[in-house]
């Protein structure tokens with residue numbers, strides 16, 4: 001393999017790593033696995049939710065804020081910035097550009113037929 005081939009392979013592996021991080025982070029939110037969610041954050045990470053003008057810094061404050069705010073809601077998420085730390089991809093500054101929250105999830109009609 002040439003140096004260009006190695007660079008391309010590394011780029012593809014990095015893209016895959018970021019995609020896996022994003023999927024894991026937001027899946028952890030949706031399944032309420034808060035310990036796993038917190039481990040996806042870099043040390044010193046910040047978490048922004050501009051719709052409510054809220055920023056939290058650090059793993060524990062981020063987990064506490066998100067888990068509290070979404071404790072009884074069903075969610076959907078989009079948008080973040082990531083980087084490598086301690087040999088793996090971690091999210092550093094997610095920004096929820098869009099959030100879909102169904103706070104009335106218990107009131108949904110039965111649509112099973």
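Note on the stretch 29-52: among residues that are modelled with pLDDT of 90 or more and in a helix (DSSP H, G or I), the one that is farthest from the chain's Cα centre (by Cα) is 35.
Checking the stretch 5-17 against the condition returns no match, with no residue being more than 13 Å from residue 91 (Cβ to Cβ), outside any helix (DSSP H, G or I) and over 13 Å from the mean Cα position of the chain (by Cα).
Applying the condition of being over 17 Å from residue 68 (Cα atoms) and in contact with a helix residue (DSSP H, G or I) (Cβ under 6 Å, 6 or more places away or on another chain) to the stretch 21-51 and asking which residue is surrounded by the fewest Cβ atoms within 10 Å (Cβ to Cβ) yields 41. Set side by side, the residues 33, 56, 27 differ, and just one is touching a strand residue (DSSP E or B) at 6+ places or on another chain (Cβ under 9 Å), free of Cβ contacts under 8 Å to residues at least 12 places away in the same chain and closer than 21 Å to residue 89 by Cα, which is 56.
The values are calculated or read from the model by the stated rules, or taken from the named source; none is laboratory data. All figures in this text were calculated on a predicted structure; none of them were measured in a lab. All Cβ positions, glycine included, derive from the backbone under ideal geometry; neighbour counts span all protein chains shown.
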